[in-house]
Every structure is written in C-alpha cells, then in structure tokens.
Amino acid sequence: MNNLNLKQVNEELQNKSPEQIIAWAINIAKRPLVTTNFRPYEVAILHACTQVEKNLKVIWCDTGYNTPQTYAHANELIDSLDLNIHLYVPKQTAAHRDVTIGIPQIEDPLHILFTEQVKLEPFNRAMQEHKPDVWFTNLRKGQTAFRSSIDIVSLSKDGVLKVSPFYHWTDKELDAYLVKNNLPNEFTYFDPTKVLENRECGLHS
C-alpha cells in the first residue's frame, strides 16, 4: 500500500462514484474493514460498502454514551443492512466512570484520559486485532481542518490505506443519496470526546 502514488490515485478516483471507489479499494485489499459510530450520515458509507462487499467487517466502537436514538438507529441498520458487526467497548463501564471522573470538559486534564478510555483504546484494540490494510471511513472535506487536508485516499498514521468514498460530497448530495436508496438518518447524536463539531476526534489525525 505504501508504494501507491496517492496523488495519481486520487486524481483517477476524483470523478468515480462511491461504489466504484470502494470496488477499487476492495480489489487491492486483503483485510478491508469499515468503521462506524452510527453518527448522522454514517448509513451512506455502510450502505455503499455492503453493496460492494456484503460481508465486509464493520467495526463499531461504542463509547457507551450514545443517545437512545443512536442506539435504536444502530439496531435498525444492523438488521436492515445485515451488517457484519464487530463491537468494541471501553474496558470500564460508563456507570463506573461516571462516579470516578464523569465526562470532563475539554479544558480539564482528565479529558485526555477520558478520550483514551472511551474512544482511542477500543479503536486501537480493534485495529490491532483485525490488522486492516484498507480502512473505509465517512470522512468528508470541510468537517475539520485536518480532514480538509487529506483526500479520497490517504495513509493513516499507522500506514493503513484510508478510503473515504464520499469525501467530496455535500450534505445535500448525501440527503439525495439517502432518499434514492430509502435509507434512514438520525441526527440526535452525542460524542462526549469532541464537544465542538469541528474538533478532530483523535482517530484520524
């Protein structure tokens, strides 16, 4: 994967459909997977990926702090798309953490520990166990400063080929995709590690 000319690859994939981008990546992958947190619009990447590779591994790192609506949405998609879910959760329960450190504010030094416990450790554990060479994500240009600096295909800090098939898509285009494919969306979502919507979550930077 490290031998790929990313600039050339991204130019070639620029005008391809998400399904064509996914098919290209699947063709060169040995251990592909897609990660999800069932946030708004995640259904698009899950639908597109499973249209190309029905049994693709879906890694769900659940912080334990999702809203009831997000959990209901996740259950609906797991059933309707027949997702090959691999669930990863923090080693400490949310109830236990609530009485020790709670949900620290971003300025609190404990916020780093909190993020490590609820997001980074489960994610790193999943990646170590599955050792993917291709990682599908729903990153899009404009979400954060970092995400605007990459492209459809990039290399993660661990050298995994990261593929974002909807990278150049707007919310309006995604809305049309969901309507066309009769897919549900859910906007009642909470990420306890980010606070601000344009803050990078730590998995991608």
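Before moving on, here are some points about what is shown:
- Residue match in region 32-47 (condition: in contact with a Lys or Arg (Cβ under 8 Å, 6 or more places away or on another chain) and under 18 Å from residue 178 (Cα atoms)): no
- Of all residues making up region 41-55, the number that are free of Cβ contacts under 8 Å to residues at least 60 places away in the same chain and not in a helix (DSSP H, G or I): 3
- None of 46, 4, 77, 13 is farther than 21 Å from residue 87 by Cα, modelled with pLDDT of 95 or more and aliphatic (A, V, I, L, M) except 13.
- Apart from one condition, residue 180 fits all of (1) over 18 Å from residue 48 (Cβ atoms); (2) surrounded by fewer than 14 Cβ atoms within 10 Å (Cβ to Cβ); the exception is (1).
- A count restricted to region 81-110 and to residues that are in contact (Cβ under 8 Å) with a residue 12 or more places away in the chain, out of contact with any Phe, Trp or Tyr (no Cβ under 8 Å at 6 or more places or on another chain) and either part of a helix (DSSP H, G or I) or not charged (D, E, K, R) (or both) stands at 9.
- Lone qualifier among 30, 16, 7 - being among the basic types (Lys, Arg) and in a helix (DSSP H, G or I): 7
- Residue match in region 159-167 (condition: loosely packed, with under 15 Cβ neighbours inside 10 Å and either more than 18 Å from residue 58 (Cβ to Cβ) or modelled with pLDDT under 95 (or both)): yes
The values are calculated or read from the model by the stated rules, or taken from the named source; none is laboratory data. Not measured: the values here are computed from a predicted model. Here Cβ is always computed from backbone atoms with ideal geometry, including for glycine, and neighbour counts include all displayed protein chains.
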